[in-house]
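These notes are about the structure you will find just below.
Computed from the coordinates by the stated procedures, all read-outs in this text should not be read as laboratory data. It should be emphasised that the depicted structure is a prediction, and the values quoted were computed from it without experimental measurement. As a convention, Cβ positions derive from the backbone with ideal geometry for all residues, glycine included, and neighbour counts pool all protein chains shown.
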Amino acid sequence: MKKPVKRALVTVAAIGAVVAVTLATTSVVNAVATGRESDRIESYGQKVTVDGREMNVLVTGDGPVDVVLLPGFGTPSPVLDFEPLVSDLAQDHRVVVVEPFGYGLSDGTDVERTTENVVTEVHAALQELGLDRYVLMGHSIAGIYGIEYAARYPDEVTAFVGIDTSVPGQPNMDTEFPTGLLAAAKNLGLLRVVTAFGDGALDGSVYSDHAREQMTMFTHRNSMRPTYLDEMEHIGSNFERALGTTFPADLPLLLFVEADNANNPDWLALHEEQAATVDDGTVVPVPGEHYLHHTHAPDIAAGFREWAADRGLTTS
């Protein structure tokens, strides 16, 4: 064997050995850290039984209008994520945050994460709580789930409020995600490394250090688990099923929308088109990024109060 070839093989072998040792190390660190974090994650809310499993919900506040909050896809802890908005709304509303299966403190499930199944489970949780009239408010993909929810339970949903919600026909939702690779990356501890470098995405002026630490641990706990990955795999088919669908024409619609979406210049126009499909549709552009409730919770709460008061929305 020629010396240059031999040197190349030795170099490749050495690099392979370093990669193998690194991955072994990150895997062990991830397993140990995950075990320790499971004892440090703090409980909140209450459990309701849905389809033989436990779904976690938070019920807080009191007032003439019940508001049900649904998270965007993959939110590790909806209760902690929505906390700034919940704290404001709960001053004069009863607010219910639902953590669907695979989110927050809820159990996972092997039931396919189709829109139909997600909607059925959320509705069952609200039935367990005795709620039968409420405003449905949601972030991101909750806009897709919300359309089917409002169509199936029109006697219960009095209005829909979107926080930069997804809309049928938005571009690039037919992407196929490498769920197998993502699962492997989680097991190898690589996602923990990525999360560590990305720590700081949550505004320190809005969330306490303690809340941010808890949310990071929830990210390690829930991201890329089977239920999460199954919902990810169904994103394309769920959006395809939603094509051409609209909210009921007589359902009041309030949409808080990112005013300047650099990745999708038509983002605001898509929501204006959606609002035009109902008799009473309002779009409020907000100068922020996708997680508007992180940084604009007071504006969203105040805007909702004024809008709801103008329409005399109540739970009775």
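Spatial offset of the stretch 212-289 relative to the stretch 103-126 amounts to 18 Å, using the alpha carbon center of each. Normalised by the number of residues in the stretch 46-311, the mean separation of alpha-carbon contacts (under 8 Å, six or more apart) gives a relative contact order of 21 percent.
The trypsin sites (Lys or Arg not before Pro) found in the stretch 216-316 include none that occupy coil by DSSP while having at most 11 further C-beta atoms within 10 Å. Multiplying the residue separation of L181 and D110 by 0.36 nm and removing their Cα-Cα distance gives an extension gain of 23.6 nm. When R133, R113 are sorted by how many other C-beta atoms sit within 10 angstrom of their C-beta, beginning with the fewest, the order is R133, R113.
Neighbour counting of Cβ atoms within 10 Å sorts the residues W307, W267, fewest neighbours leading, into W307, W267. Database remark: amide H of V286 closer than 5 angstrom to the amide H of V257, E258, A259 (H placed geometrically; neighbours at sequence offset of 5 or more, or on other chains; Pro and chain starts carry no H). Cβ crowding within 10 Å, taken as a proxy for footprinting-reagent exposure, orders I235, I147, I41 from fewest neighbours to most as I41, I235, I147.
Highest mean packing comes first when the peptides 247-253, 53-59 are listed by Cβ atoms within 10 Å, giving 53-59, 247-253. Shape class for the stretch 46-311, computed from the alpha carbon gyration tensor (a ≥ b ≥ c): rounded, with a/c under 1.5. All other residues with a Cβ under 12 Å from the Cβ of I235 taken together, and with Lys, Arg as +1 and Asp, Glu as -1, what is their net charge? Net local charge, I235 excluded: -4. Counting 0.36 nm for each residue step from D260 to R40 and taking away their Cα separation leaves a gain of 75.3 nm.
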